[in-house]
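The structure appears right after this line, and notes come after that.
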Amino acid sequence: MTWPFILVSVLITAFISGVFGMAGGLLLMGVLALLLPVSGAMVVHGAVQSVSNGWRALLLRRWIDWRVMALYALGSAVAAGALVFLVVELPRDWLLVALGLVPMLVWLPARRLALDARKTGHALFCGFSVTGLNVVAGVSGPLLDVFFLSTGMDRRAIVATKAASQVMAHGVKVAYYVAPALAAGALDEPLWLLAAAPLAVIGTTLGARVLEKLTDRQFLSATKWIVTAIGVFYLARGLWGLISVAP
């Protein structure tokens, strides 16, 4: 029953991601973390999100800021090189705590920090930090969002550029965890994983249509509150798990 439930989750969360750009991935990571070994959850999440983000980027390709993408890619490559020398795999409850804390990054005073993905140094740091956090916690959308809140970009340009950048971050995550996932037997049913790809495409396509109906103000406000609510739930769930096993 695990994989049918995962596939339904993929469809629903891809639709949410198509609208808000990151909330769906956060939801899916939590579902997978509860149903699969952590390494397997990372690989499945990374594969599904690569398809979902890749399709979203394709749908909105004329809005992608390719200069930002090039700089992001350089930063991401540095993070990937550093991760080769590190072994990171959080236990499930600690992963849920991390998943709960990551969304709180949307409340950072973005205007005071003045992070702007259109600036060279900021875009490089964005690629490095977002890729690193994505490997450790499984998601990094809220951190990525901090670099775009002060850019003044159109909501479609934000979603498109973030989607393209997340393909890279999730690709690094899949490469990092695929060997442990195979060893844990978490990928023994590859046909189910293949079935997730078209569902991610369908959900993303439907979500992109809803995105067109939102104003920039509605988009930014709704995203912040949705990911915060998800984060609070994960944080409570993770802390409860840690307390329950404490002697």
Report the residue, chosen from MET69, MET29, MET153, that carries the largest GNM mean-square fluctuation when the chain is represented by alpha-carbon nodes joined by springs under 10 Å. MET153
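May I ask you to derive the FRET efficiency for LEU113 and PHE233 from their Cβ-Cβ distance with R0 = 35 Å, giving the value to the nearest 0.05?
About 0.85, to the nearest 0.05.
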Would you mind pulling out the separation of the Cα centroids of the stretch 73-110 and the stretch 49-71, in Å? 21 Å
Once you put a point 7 Å from the Cα of VAL78 and another 7 Å from the Cα of LEU191, both along the Cβ direction, what distance in nm separates them? 4.6 nm
At least 24 Å along the helix axis (C-alpha) and Kyte average at least 0.5, DSSP helices within the chain: 2-20, 38-59, 66-83, 120-137, 155-183, 190-211, 216-245
For the chain, set up a GNM with springs between Cα atoms under 10 Å and report which of ALA123, ALA184, ALA73 has the largest fluctuation. ALA184
Choose one answer from HIS45, HIS122, HIS170: the residue with the largest mean-square fluctuation in a GNM of the chain with alpha-carbon springs under 10 Å. HIS122
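Any read-out appearing in this document is the output of simple, stated calculations on the displayed coordinates, not a laboratory observation. All values reported here derive from a predicted model rather than from experimental measurement. Using ideal geometry, Cβ is built from the backbone for each residue, glycine included, and neighbour counts are taken over all protein chains shown.
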